[in-house]
Amino acid sequence: MRFSEQWLREWIDPAVDTATLAHRLTMAGLEVDAIEPAAPAFTGIVVGEVLSVARHPEADKLNITRVTDGDAEYQVVCGAPNVQAGMRVPFARIGAVLPGGMTIQQAKLRGVASSGMLCSATELGLPSDRDGLWALPDDAPVGADIRAWLKLDDSVIELGITPNRGDALSILGLARECATLFDQPYTGPAFQPPVVASAESVRARIAVPDDCPQYLTQTISGIPTDRRTPLWLAERLRRAGIKVIEPIVDICNYVMLEQGQPLHAFDGHKLQGDLVVRRAQAQEPLMALNQQALVLDESCLVIADARGAVALAGIIGGLESAVDARTDRIVLESAHFVPAVIVGRARAFGLTTDASFRFERGVDPCLPEHALARAAELIVGLLGGTAGPISVAAGGWVIPIPAAIPLDLSWAERRLGLAVSMQTATQYLSALGCVVSGETSGVLQVSPPAHRFDLAIPEDLLEELARLIGFDAFRAPMGRAPLTIRREPETMNTPADVADIMSGLGFFEAITYSFIDPAIAELVTSEAPIRLANPISSEMAVMRQSLWPGLLQAIRFNQNRQQGRVRLFEVGRVFTGDLDHVVETDQLAAAVCGSRLPEQWGDKEAPVDFFDLKGDVEAMLLGLGFALSPGADERSVVTFQSGRHTALHPGQTAEILIDGVPEGWIGALHPQLVERLDLVGPVYVFSLNMARLHQRGLPANRPLSRFPQVRRDLALLKPDHLPAAVLLDLIRQDAPESLRAVGLFDRYVGTGIEPGYESIALKLVFQNYERTLTDEEIIAIISDIRAKLAQHDIYLRS
């Protein structure tokens, strides 16, 4: 929320400077995100009146004007197309300094002397949607300094209001907050509702009182059509970041900023019959003010007339009933909508409005009548018109009285670590507008005001006391807990162990969002993701079922910034199931692309491939205490088998098994997915279930043999459909203890090899712990192995 400091100080003016005010607000939970001047620096610019305009004899697009500042007359050459006699404009006299430091000097333009400059709003550093000179109001005081007259020596403060503090989204709310922080009263503008001088009214009916407990309307007719938004009001809107649209709309926006109550104005001539607050019908259309065609459903609350919906309640009005420059009769709306019926509806249509921003957080139910009277008073007083009676539709609703919250001060002391006296607690809570009783019992009964929706439990009151006392008053006590050394089991791997090994392998850790784009989620998994009821945005609407989407988006981010070699990993949580039964699982995932090695002189650049990432996975698992082949110890065995995955390349995909149980995937990202995500491929990824990585086998000591190893190489022909892992398992099965290792070191397909077969070269390493093996023993073992392999159509290559 943005607001003018001067505007706030008209309500309450604490004796502190801007920086101190901002600090106090931040420490009270209303964080100040930015402070900026209301206008850039400039000097010497006054209100000037154009007395006459004549054509420049040497230039078609220039005019020679006579301008007065109230004391003297000046000749100024001007090129603005809208200059005319009688208008009042910003006039930069000789010596004036414009934003950016340019000083106005005496000049000649096409041979004609010019003693100054007539300015547009943009030349003064102020936003404007109009070309040409800034036409000031006819009552602008000639000769007055522009900065002083428009009160431009002001600061615009921007607050980051948290969702629980909807009450602070107005000058009234901020004034209440400052009154509590600085212990002084605030005073709002005094006003009287306009005199009811007309019988015109539009009645309203509430069909859903649980969604809209109160709905007020007031008709104002006879509004002049030559109206103009007062400059002081337009300036306050500008400093609040709201665009000036049309005088009636501007006044509604002004009252919303001042009081915190969103309002809406209908063109009275465009409505048919009475209004009704109801739920939308299925597929009911509404053309919104932003010219967006909305198709509504039964979850939407609408304001409707005899023809159909004319507004999406609490969010945006309809274009067909909108106020325009020809409107002379309006129906003002001021209502209280329950936050639950507004939350998420605007985002569902891709809308962001000031009204929905406030109604989603909760608006004071006592405000509608007060805000309606304020808006009617401003419209009649500033623009003109005749006010009709206020029509109230409440459906038997009365302002709810919040339930009292018990606050045990001894409990509060234990939670805060600071003693709070009964008097102090009562003073602060009463300053917030709470009704406090029970001062003699030690347990206060606190009834929060209607505008504080966030006060419901004792912890909420504790938070209020802490921020009002000041966080600087709290001191962390010395810890008195006994210190014990916790015994960590040797068979446990922690996430930090995993991260350390991955970092050692050259990966960088990433942290990505748990909410992802539904379109990307559908590309990565075939299961339906869990959809959020109230997403932050359409691109963060589902919960991730895999860590891959976040990592792939991070890779794209890096590739778009000329980072071709990317190696990322993440340890995070994924979510499966549905909203009623969410299953949370910790997962390890990684993604790589680019070259195998960083740029260097010692080796030629080569792209990373499937086996590079597979080697990293094996190295990581070995470091965590897993084995890649069965052994005599208790380590779990990791194997890889060919598989199919929605997101991976059909020919470069493997399932990762631990003790024969599938625990993850590894492979090349599918080329179609690479193209859809606008990546530079190929990209390789893997994922593993973290729960399975927590347990590791207990390390065991094995003595070294004093006797020599014997290596024998075998060249075998095997069917090409038979995985090499199956071949190695066949050899290991029932092998004697003296066969210490089996490994594959070559593969050949081509000339001399029968179709349907491939040549595999294996190494067999033999060693005995008690003696040296003889050739006869080794030949016998190899003969047994060949006989077993022959049963599976695997033979020695001739």
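The values are calculated or read from the model by the stated rules, or taken from the named source; none is laboratory data. Every value quoted in this text rests on a predicted model; they were computed, and no experiment measured them. Don't worry about glycine lacking a Cβ; one is built from the backbone with ideal geometry, like all the others, and counts go over all protein chains shown. Just the protein is used for accessible areas: all its heavy atoms, side chains included, with ligands, DNA and RNA removed. Shrake-Rupley method; radii C 1.70, N 1.55, O 1.52, S 1.80 Å.
For ALA668, which of the numbered conditions (1) in contact with a Leu (Cβ under 7 Å, 6 or more places away or on another chain); (2) open to solvent by less than 40 Å² (accessible area, probe 1.4 Å); (3) without any contact (Cβ under 8 Å) to a residue 40 or more places away in the chain fails to hold?
The number of the failed condition is (3).
Of all residues in segment 265-321, which are part of a loop (DSSP other than H, G, I, E, B), touching a Gly at 6+ places or on another chain (Cβ under 9 Å) and charged (D, E, K, R)?
ASP305, ARG307 - these are the residues of segment 265-321 that are part of a loop (DSSP other than H, G, I, E, B), touching a Gly at 6+ places or on another chain (Cβ under 9 Å) and charged (D, E, K, R).
Out of the residues in segment 323-333 that are farther than 19 Å from ASP226 by Cβ and not β-branched (Val, Ile, Thr), which is least open to solvent (accessible area, probe 1.4 Å)?
Top of the filtered list is LEU332.
For the subset of segment 545-601 comprising residues that are hydroxyl-bearing (Ser, Thr, Tyr) and in contact with a helix residue (DSSP H, G or I) (Cβ under 9 Å, 6 or more places away or on another chain), which member is farthest from THR512 (Cα to Cα)? Reasoning before the result, please.
Let us first name the residues in segment 545-601 that are hydroxyl-bearing (Ser, Thr, Tyr), namely 546, 576, 585, 595.
Subsequent filtering for residues that are in contact with a helix residue (DSSP H, G or I) (Cβ under 9 Å, 6 or more places away or on another chain) retains 546, 585.
Details: SER546: 11, THR585: 16 Å.
That would be THR585.
Can you name the residue in segment 438-494 that is more than 12 Å from ALA425 (Cβ to Cβ), of a type in the set (Val, Ile, Thr) and touching a strand residue (DSSP E or B) at 6+ places or on another chain (Cβ under 7 Å) and, of all such residues, is modelled with the lowest pLDDT?
Out of the qualifying residues, it is THR491.
Hey, could you check segment 497-533 for residues that are at pLDDT 95 or above and among the aromatic types (Phe, Trp, Tyr) and say which is least open to solvent (accessible area, probe 1.4 Å)?
Among those residues, the one meeting the criterion is PHE507.
Do we have ARG692 as open to solvent by 70 Å² or more (accessible area, probe 1.4 Å), over 18 Å from GLY615 (Cα atoms) and either touching a residue at least 24 places away in the same chain (Cβ under 8 Å) or assigned to a loop (DSSP other than H, G, I, E, B) (or both) here? Full working, then the answer.
Working: open to solvent by 70 Å² or more (accessible area, probe 1.4 Å): no; over 18 Å from GLY615 (Cα atoms): yes; either touching a residue at least 24 places away in the same chain (Cβ under 8 Å) or assigned to a loop (DSSP other than H, G, I, E, B) (or both): yes.
When the stated conditions are applied, ARG692 does not pass them.
Is there a residue being surrounded by 15 or more Cβ atoms within 10 Å (Cβ to Cβ), touching a Ser or Thr at 6+ places or on another chain (Cβ under 6 Å) and under 30 Å from ASP454 (Cα atoms) anywhere in segment 147-155? Write out each step before concluding.
Taking segment 147-155 and keeping what is surrounded by 15 or more Cβ atoms within 10 Å (Cβ to Cβ), we get 147, 149-152, 154-155.
Of the ones still in play, those that are also touching a Ser or Thr at 6+ places or on another chain (Cβ under 6 Å) are 154-155.
Within this subset, residues satisfying the condition of being under 30 Å from ASP454 (Cα atoms) are 155.
Looking through segment 147-155, at least one residue is surrounded by 15 or more Cβ atoms within 10 Å (Cβ to Cβ), touching a Ser or Thr at 6+ places or on another chain (Cβ under 6 Å) and under 30 Å from ASP454 (Cα atoms).
Scan segment 52-64 and give yes if some residue there is open to solvent by 60 Å² or more (accessible area, probe 1.4 Å), part of a strand (DSSP E or B) and touching a Lys or Arg at 6+ places or on another chain (Cβ under 7 Å), otherwise no.
Checking segment 52-64: not a single residue is open to solvent by 60 Å² or more (accessible area, probe 1.4 Å), part of a strand (DSSP E or B) and touching a Lys or Arg at 6+ places or on another chain (Cβ under 7 Å).
Does ALA190 fit the bill of being open to solvent by 50 Å² or more (accessible area, probe 1.4 Å), more than 29 Å from GLY385 (Cβ to Cβ), of a type in the set (A, V, I, L, M, F, W, C) and not in a strand (DSSP E or B)? Lay out the reasoning, then the answer.
Values: open to solvent by 50 Å² or more (accessible area, probe 1.4 Å): yes; more than 29 Å from GLY385 (Cβ to Cβ): no; of a type in the set (A, V, I, L, M, F, W, C): yes; not in a strand (DSSP E or B): yes.
No.
Whether any residue in segment 672-687 is of a type in the set (Asp, Glu), touching a residue at least 40 places away in the same chain (Cβ under 8 Å) and open to solvent by 40 Å² or more (accessible area, probe 1.4 Å) is what I want to check. Write out each step before concluding.
At the first step, the residues of segment 672-687 found to be of a type in the set (Asp, Glu) are 675, 678.
If we keep only those that are touching a residue at least 40 places away in the same chain (Cβ under 8 Å) too, we end up with 678.
Pick out the ones that are also open to solvent by 40 Å² or more (accessible area, probe 1.4 Å) and you get 678.
Scanning segment 672-687 turns up at least one residue that is of a type in the set (Asp, Glu), touching a residue at least 40 places away in the same chain (Cβ under 8 Å) and open to solvent by 40 Å² or more (accessible area, probe 1.4 Å).
Going residue by residue through segment 295-308, is there one that turns out to be under 30 Å from ASP129 (Cα atoms) and in contact (Cβ under 8 Å) with a residue 12 or more places away in the chain?
First pass over segment 295-308, keeping only residues under 30 Å from ASP129 (Cα atoms): none.
Looking for residues that are under 30 Å from ASP129 (Cα atoms) and in contact (Cβ under 8 Å) with a residue 12 or more places away in the chain, one finds none in segment 295-308, hence no.
Output the residues belonging to segment 45-80 that are farther than 20 Å from GLY111 by Cα and under 51 Å from the mean Cα position of the chain (by Cα). I'd like the intermediate steps shown before the answer.
Keep residues of segment 45-80 that are farther than 20 Å from GLY111 by Cα, which gives 45-51, 68-72.
Those that are farther than 20 Å from GLY111 by Cα and under 51 Å from the mean Cα position of the chain (by Cα): ILE45, VAL46, VAL47, GLY48, GLU49, VAL50, ASP69.
If a residue has to be more than 20 Å from TYR215 (Cα to Cα) and open to solvent by 30 Å² or more (accessible area, probe 1.4 Å) to count, how many in segment 369-384 make the cut?
Number satisfying all stated conditions: 3.
Kindly indicate which of GLU758, GLU777 is under 23 Å from ARG706 (Cα atoms), outside any loop (DSSP other than H, G, I, E, B) and not polar (S, T, N, Q).
On the way: GLU758 fails: under 23 Å from ARG706 (Cα atoms).
After ruling out the rest, the residue left standing is GLU777.
Which residues, taken from segment 214-229, are closer than 14 Å to ARG329 by Cα, within 40 Å of the chain's Cα centre (by Cα) and assigned to a loop (DSSP other than H, G, I, E, B)?
ARG227
Looking only at residues that are of a type in the set (Asp, Glu) and not in a loop (DSSP other than H, G, I, E, B) in segment 609-620, which one is surrounded by the fewest Cβ atoms within 10 Å (Cβ to Cβ)? Walk me through it before giving the result.
Applying the first criterion (of a type in the set (Asp, Glu)) to segment 609-620 yields 609, 612, 616, 618.
Still in the running and not in a loop (DSSP other than H, G, I, E, B): 612, 616, 618.
Numbers: ASP612: 14, ASP616: 23, GLU618: 16.
Of everything passing the filter in segment 609-620, ASP612 is surrounded by the fewest Cβ atoms within 10 Å (Cβ to Cβ).
Take segment 621-669 and flag every residue that is hydroxyl-bearing (Ser, Thr, Tyr) and in a loop (DSSP other than H, G, I, E, B).
As a first pass, look at segment 621-669 and keep what is hydroxyl-bearing (Ser, Thr, Tyr): 629, 636, 639, 642, 646, 653.
Correct list: SER629, SER636, THR646.
Residue-by-condition table, conditions (1) surrounded by fewer than 20 Cβ atoms within 10 Å (Cβ to Cβ); (2) modelled with pLDDT of 95 or more; (3) not in a strand (DSSP E or B):
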residue: GLY70; (1), (2), (3): yes, no, yes
residue: TYR74; (1), (2), (3): yes, no, no
residue: VAL77; (1), (2), (3): no, no, no
residue: PRO81; (1), (2), (3): yes, no, yes
residue: GLN84; (1), (2), (3): yes, no, yes
residue: GLY101; (1), (2), (3): yes, no, yes
residue: GLN105; (1), (2), (3): yes, no, yes
residue: ALA113; (1), (2), (3): yes, no, no
residue: GLU123; (1), (2), (3): no, no, yes
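Among the residues of segment 246-265, is any farther than 30 Å from HIS451 by Cα and open to solvent by less than 10 Å² (accessible area, probe 1.4 Å)?
Looking through segment 246-265, none of the residues is farther than 30 Å from HIS451 by Cα and open to solvent by less than 10 Å² (accessible area, probe 1.4 Å).
For segment 224-255, which residues satisfy the criterion of being under 16 Å from ASP324 (Cβ atoms), in contact with a helix residue (DSSP H, G or I) (Cβ under 6 Å, 6 or more places away or on another chain), of a type in the set (A, V, I, L, M) and modelled with pLDDT under 95?
Listed by number, the list holds a single entry, VAL244.
Out of segment 114-163, which residues are β-branched (Val, Ile, Thr) and more than 40 Å from the chain's Cα centre (by Cα)? Steps first, answer last, please.
Going through segment 114-163, the residues β-branched (Val, Ile, Thr) turn out to be 122, 142, 146, 156-157, 161-162.
Across segment 114-163, the qualifying residue is only VAL142.
Yes/no per residue for (1) small (Gly, Ala, Ser); (2) within 23 Å of the chain's Cα centre (by Cα); (3) open to solvent by less than 60 Å² (accessible area, probe 1.4 Å):
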{"position": "LEU568", "(1), (2), (3)": "no, no, yes"}
{"position": "ARG573", "(1), (2), (3)": "no, yes, no"}
{"position": "LEU597", "(1), (2), (3)": "no, no, no"}
{"position": "PRO607", "(1), (2), (3)": "no, no, no"}
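Quick one: would you say SER410 is without any contact (Cβ under 8 Å) to a residue 40 or more places away in the chain and over 24 Å from CYS178 (Cβ atoms)? Working first, answer last.
Numbers: without any contact (Cβ under 8 Å) to a residue 40 or more places away in the chain: yes; over 24 Å from CYS178 (Cβ atoms): yes.
Against the criterion (without any contact (Cβ under 8 Å) to a residue 40 or more places away in the chain and over 24 Å from CYS178 (Cβ atoms)), SER410 qualifies.
Take segment 714-746 and flag every residue that is modelled with pLDDT under 90, of a type in the set (Gly, Ala, Ser) and part of a strand (DSSP E or B).
Correct list: ALA741, GLY743.
Considering only segment 12-35, how many residues are part of a strand (DSSP E or B) and open to solvent by 70 Å² or more (accessible area, probe 1.4 Å)?
Kept after step one, since they are part of a strand (DSSP E or B), are these residues of segment 12-35: 31-35.
Add one more test, that the residue is open to solvent by 70 Å² or more (accessible area, probe 1.4 Å), and what stays is 31, 33, 35.
Residues in segment 12-35 being part of a strand (DSSP E or B) and open to solvent by 70 Å² or more (accessible area, probe 1.4 Å): 3 in total.
Quick grid of which residues meet (1) surrounded by 20 or more Cβ atoms within 10 Å (Cβ to Cβ); (2) under 37 Å from the mean Cα position of the chain (by Cα); (3) over 30 Å from GLN218 (Cα atoms):
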{"residue": "LEU367", "(1), (2), (3)": "yes, yes, no"}
{"residue": "SER391", "(1), (2), (3)": "no, no, no"}
{"residue": "TRP411", "(1), (2), (3)": "no, yes, yes"}
{"residue": "ARG415", "(1), (2), (3)": "no, yes, yes"}
{"residue": "VAL446", "(1), (2), (3)": "yes, yes, yes"}
